[in-house]
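Please read the structure below before turning to the comments.
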Amino acid sequence: MKIKESNNDTCTSEFLKHLENRGISLENQELRTIEATNGLMLKLRAQLEPFRCIADDMIPWEEKSATVRLASKMEKSKRNKLRRKRKRKRVAKMVEKERERFNQDDREADDWRAREIA
């Protein structure tokens, strides 16, 4: 237990030295901490909001069902978007290969013509 405390004390003292070297006042540290906490809380609220109606017993089952359907539609939309992206990449590769084959055949025909002329 003492090892952990000494490591914690060392980390804390190094952090305090860093803050002192940077010239960050206690009020400024407190302000930044509060801003970071508020930002984190806003993000968490936004991420947990869709689950509020599922977890709340007072909300009717129709609304819960609608939420589940919406989540399902969003997942399907994301899946389809990724599938279309993969398909576009695959088609682009096939078109590129076809162009390369055409260019290769064209070069071979030019070489054959040059040999025939010479």
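Would you pick out the residues in segment 56-71 that are out of contact with any Cys (no Cβ under 7 Å at 6 or more places or on another chain) and open to solvent by 80 Å² or more (accessible area, probe 1.4 Å)?
Residues satisfying the conditions are ASP57, MET58, TRP61, GLU62, VAL68, ARG69, LEU70.
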Exercise for the section: Report yes if ARG113 is out of contact with any Gly (no Cβ under 8 Å at 6 or more places or on another chain), open to solvent by 100 Å² or more (accessible area, probe 1.4 Å) and at pLDDT 95 or above, otherwise no. Expected result: no
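Say whether the condition of being open to solvent by less than 100 Å² (accessible area, probe 1.4 Å), at pLDDT 90 or above and out of contact with any Cys (no Cβ under 8 Å at 6 or more places or on another chain) is met by at least one residue in segment 72-79.
Filtering segment 72-79 for residues open to solvent by less than 100 Å² (accessible area, probe 1.4 Å) gives 72, 77.
Checking which are at pLDDT 90 or above leaves us with 72, 77.
Within this subset, residues satisfying the condition of being out of contact with any Cys (no Cβ under 8 Å at 6 or more places or on another chain) are 72, 77.
The answer is yes; a qualifying residue exists.
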Exercise for the section: Restrict the check to segment 18-38 and report whether at least one residue is at pLDDT below 85, hydrophobic (A, V, I, L, M, F, W, C), in contact with a helix residue (DSSP H, G or I) (Cβ under 6 Å, 6 or more places away or on another chain) and surrounded by 10 or more Cβ atoms within 10 Å (Cβ to Cβ). Expected result: no
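The values are calculated or read from the model by the stated rules, or taken from the named source; none is laboratory data. Note that this is a predicted model, so its numbers are computed, not measured. Methodologically, a virtual Cβ is constructed for each residue, glycine included, from the backbone with ideal geometry; neighbour enumeration extends over all protein chains shown. Quick note on the areas: whole protein, heavy atoms, side chains included, nothing else; ligands and nucleic acids left out. Shrake-Rupley method; radii C 1.70, N 1.55, O 1.52, S 1.80 Å.
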